[in-house]
1. Describe numerically, in nm with one decimal, the distance between label points set 7 Å from Cα along Cα→Cβ at residue 178 and at residue 235.
2. Could you work out Rg/(2.2 N^0.38 Å) for the stretch 174-324, with Rg from alpha carbons only?
3. Please compute the volume of the convex hull spanned by the alpha-carbon atoms of the chain and report it per residue in Å³.
4. Just the number, please: percent antiparallel of the DSSP beta bridges in the stretch 107-254, rounded to the nearest 5.
5. Sort 186, 225, 205, 65 so that the residue with the fewest other Cβ atoms within 10 Å of its own Cβ comes first and the one with the most comes last.
6. For a footprinting-style exposure proxy, rank 50, 190 by other Cβ within 10 Å, fewest first.
7. Between residue 264 and residue 291, what FRET efficiency comes out of the Förster formula 1/(1 + (r/R0)^6) with R0 = 41 Å and r the beta carbon distance, rounded to 0.05?
8. What list do you get for 191, 230 if you sort them by fewest beta carbons within 10 Å?
Amino acid sequence: MRITTPVRLGAVALAASLTLVACGSGDDGDAAGGGETKTLRLALNQTEQHPSFVALDNFGKRLEEATDGRLGIQVYPNATLGAQQEALQLVSDGTVDLAIVSGTQLENLNKDFSVFNLPLVFDSIESQMKTIHDPAVVGDLYSSLEANNKVTVVGGFTQGTRNVYSKKGPVNTPADLSGQKIRVQESELHTSMISAMGASATPMEFGEVYTALQSGVLDGAENNEVSYVTQKHYEVAKFYSRTNHLVGLDFLIVNSDLLKGFSAEDKAAFDKEWAAAYAEHTDLWAKDTEKSIATAEAAGAKFNEVDAAAFEAVLKPLTDKFLTSDAQRKIYDAAQSAGS
Ligand code: GCU
């Protein structure tokens, strides 16, 4: 089954030409062991400064070493292979091998993924990482897209805590968001979340947010400090308010047929180096969050605490509304019990 998402022709044409280049050159030429390196193409919508790029780039280098040059990874940053909806389609088609997509994208294919996109589901990055890499919790979920979409979920990177930011002024209570157009990811759950928080939710692709903020199409958005800075949103929306509504999650996805074609030895190296990659990412995350706050503050951004109880009160009811199956409740309970 195709994912019912329009794919931009530009992205497809670019990805197709990359395939040709890779084949034409015998992939990457001679590998250390004398064979050929298969360079996997990975789509990412972040800049080269973002912890996800750094950790994935290092993942590729270690993988190449661990497989004696049989497998490598080329990370394409800045959504050059397409925005996340498109990247998901391209991985499903096998045109692109791997991608990082936000949990919100997978919720659109299987509602069980929405558990991890719920506000307040994780109380820390540690409990999030523990839950989402526990095969007993996520085994069925991560293989659930294979039959229809040929997409396997490998694991995830934290998006850290997401907070609201606005051009208009500091937000303290849900009432302060009244009438404000706040960008959300393309997700029914997050649209309901921002509406519950008092704003007018505007679903939009990540790469369009800066211009929309600048032109006034949006009054604000919600994201972590790292994206607030790497995307330069602090230049155009300088009030960052700690609503702490969500610890967000990105997934690493791979084309299922490609994954099945790995030898047992290469699959073991892939899994081992991926575990090292998300550990490195978690470590970088804490450091980059601090650096991002300092960068934004130096440029005049203002950070403020909010009335946490007021936001919790409007967000809590979303859990019951969006947890509708036993499978979802099981995952939710595991996430909650991993917390402190
Ligand atoms: C974060 C996340 C991305 C996501 C983006 C968004 O930066 O890491 O995967 O696309 O938020 O808000 O769209």
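FYI, it's all coordinate maths here, none of it is from the lab. Quick caveat: nothing in here was measured; it's all calculated off a predicted structure. Counting neighbours? That spans all protein chains shown, and the Cβs are built from the backbone with ideal geometry, glycine included.
1. Result for the modelled spin labels: 3.4 nm.
2. 1.25
3. Working: hull volume 44.0 nm³, N = 340.
Dividing the Cα hull volume of the chain by its residues yields 130 Å³.
4. Numbers: 16 of 21 bridges.
Antiparallel: roughly 75 percent of the beta bridges in the stretch 107-254.
5. Working: 186 19, 225 26, 205 16, 65 13.
In increasing order of surrounding Cβ atoms, one gets 65, 205, 186, 225.
6. Values: 50 23, 190 28.
Ascending Cβ contact count within 10 Å gives the list 50, 190.
7. 0.55
8. Details: 191 16, 230 21.
If I rank by nearby Cβ atoms, fewest first, I get 191, 230.
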